[in-house]
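Values in this text are rule-based calculations from the coordinates and carry no lab data. As the structure is a computational prediction, the values presented were derived from the model and not from experiment. Cβ: placed from backbone, ideal geometry, glycine included. Neighbour counts: every protein chain shown.
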Amino acid sequence: SHCWGYGEDDGPSSWHKGYPIAQGNRQSPINIVPSETVHDSSLSPLIVSYEHCTSIGISNNGCSVAVEYADTEQGPGIYRGPLSDAYRLKQFHFHWGHKDWHGSEHTVDGKTYTSELHLVHWNASKYQTFREAVAAPDGLAVLGVFLETGEEHQSLHKITDALSMVKFKGSNADLKDFNPKCLLPKSLNYWTYSGSLTTPPLHESVTWIVFEEPIEVSKKQMEKFRMLLFSEEEEDEKLMENNFRPPQPLKGRKVCASYN
Ligand SMILES: NS(=O)(=O)c1cccc(F)c1
Ligand SMILES: [Zn+2]
């Protein structure tokens, strides 16, 4: 089981002890400063093709709640944009705070959002398995979507309705045919930069594609995430919240902005 977490003693500021790459040169998340991004007009629109979406289930892995996808050839995936290869959807998960004013991992001009959705894809054109890709410099592509509180999200209820079934670490439940395309914002304008996993092992293997436009979710929907637990059944209850890593040093990286 994990020896890292988001608490006082095992949180992000101490991850470097077990994972020295935490102080590396392409760590994530970062604070995005739109006025300092490079407007790269050669960046084509990202193609998101989630038609054949065999979601397998939803699970509480002790640091977030994730919806996994079957690993099939014709599986859902993304290509073009900043990517040179086709990347296959593996899972998506969320990060959130104790209150609505914080919870996202990336920030925009220092602004934090209520939550951040990560859709994790791996380079199935170059690697045989996710496990192999997760440590390769061009192995992963993660879509970041900001969530802010407002109107209820009409499709997110399929996820939030399932959360009560995965309250405890290690629990999982069925969640069939969930197409995550409905969780993307209207505009696919994005920022992109080279970064890392935002949790241990913090591999520097991620092409980040963060959408500018947030999606809206209701306060009630957010409250359902905050009843999840970091802890296992029979353990002392520890609410799953503040499972976000703060922004890391840019170390000279450039952030590109797309046009749609
Ligand atoms: N939070 S994240 O960078 O998307 C991430 C962390 C760990 C594993 C993974 F596949 C994705
Ligand atoms: Zn994440």
Towards the positive end of the charge dipole of segment 45-153, with charges on Cβ (+1 Lys, Arg; -1 Asp, Glu), say which of S64, G103, Y79 has the farthest Cα. Y79
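Counting pairs of alpha carbon atoms under 8 Å apart in space and at least six apart in sequence, what relative contact order in percent does the chain give?
Contact order relative to length: 27 percent.
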Under 5 Å between amide hydrogens, which residues at least 5 positions from V255 or on another chain qualify, with H placed 1.01 Å from N in the peptide plane? V38
For segment 142-260, what percent of Cα pairs sit more than 23 Å apart? 46
Applying the Karplus parametrisation 6.51 cos²θ - 1.76 cosθ + 1.60 with θ = phi - 60° to the phi angles of segment 91-101, what ³J(HN,Hα) value in whole Hz is obtained for each residue in order, glycine and proline being reported as x? 6, 10, 8, 10, 10, 8, x, 7, 10, 5, 7
Helix-only mean residue ellipticity at 222 nm for the chain, each DSSP H run of n ≥ 4 adding -39500 (n - 2.57), per residue, nearest 500: -1500 deg cm²/dmol
Across segment 202-213, in residue order, what do the Karplus-derived ³J(HN,Hα) couplings come to in whole Hz, using 6.51 cos²θ - 1.76 cosθ + 1.60 with θ = phi - 60° and x for Gly and Pro? 6, 3, 8, 10, 10, 8, 8, 10, 10, 6, 5, 8
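What order do you get for 107-119, 238-250, 169-181 when each peptide is scored by the mean count of other beta carbon atoms within 10 Å, highest first? Could the numbers behind the result be given before it?
On the way: 107-119: 20.3, 238-250: 18.7, 169-181: 15.2.
My ranking of the peptides, most packed first, is 107-119, 238-250, 169-181.
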Can you list the equivalent-ellipsoid semi-axes of segment 41-95, largest first and in whole Å, using the square root of 5 times each Cα gyration tensor eigenvalue? 24, 15, 8
Measuring from its Cα centre, segment 94-167 shows a charge dipole (+1 at each Lys and Arg Cβ, -1 at each Asp and Glu Cβ) which, in debye to the nearest 20, is 300
If N is the residue count of segment 8-139, its Cα Rg over 2.2 N^0.38 Å rounds to 1.18
Selection from G150, G139, W15 lying farthest towards where the dipole of the chain points positive, charges on Cβ: G139
Please turn the phi angles of segment 178-188 into ³J(HN,Hα) values with the Karplus equation 6.51 cos²θ - 1.76 cosθ + 1.60 (θ = phi - 60°), one per residue in order, whole Hz, x for glycine and proline. 8, 9, x, 4, 6, 9, 7, x, 4, 8, 9
Using a Gaussian network for the chain with springs between C-alpha atoms less than 10 Å apart, which of these wobbles most: W96, W15, W122? W15
Can you pull the percent of Cα pairs in the chain with separation above 32 Å? 16
Amide proton proximity set for V108, modelled H, under 5 Å, gap of 5+: I32
Surrounding net charge for G7, when Lys and Arg each add one and Asp and Glu each subtract one, Cβ distance under 12 Å: -3
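May I ask for the net charge around D138, where only other residues with Cβ less than 10 Å from the Cβ of D138 are counted and Lys, Arg are +1 while Asp, Glu are -1?
Neighbour charge sum, excluding D138 itself: 0.
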Using modelled backbone amide H atoms (1.01 Å from N, in-plane), which distant-in-sequence or interchain residues come within less than 5 Å of G170's amide H? N60, N61, G62
Mean-square fluctuation check for the chain, GNM, Cα pairs under 10 Å: which of E234, E132, E36 is largest? E234
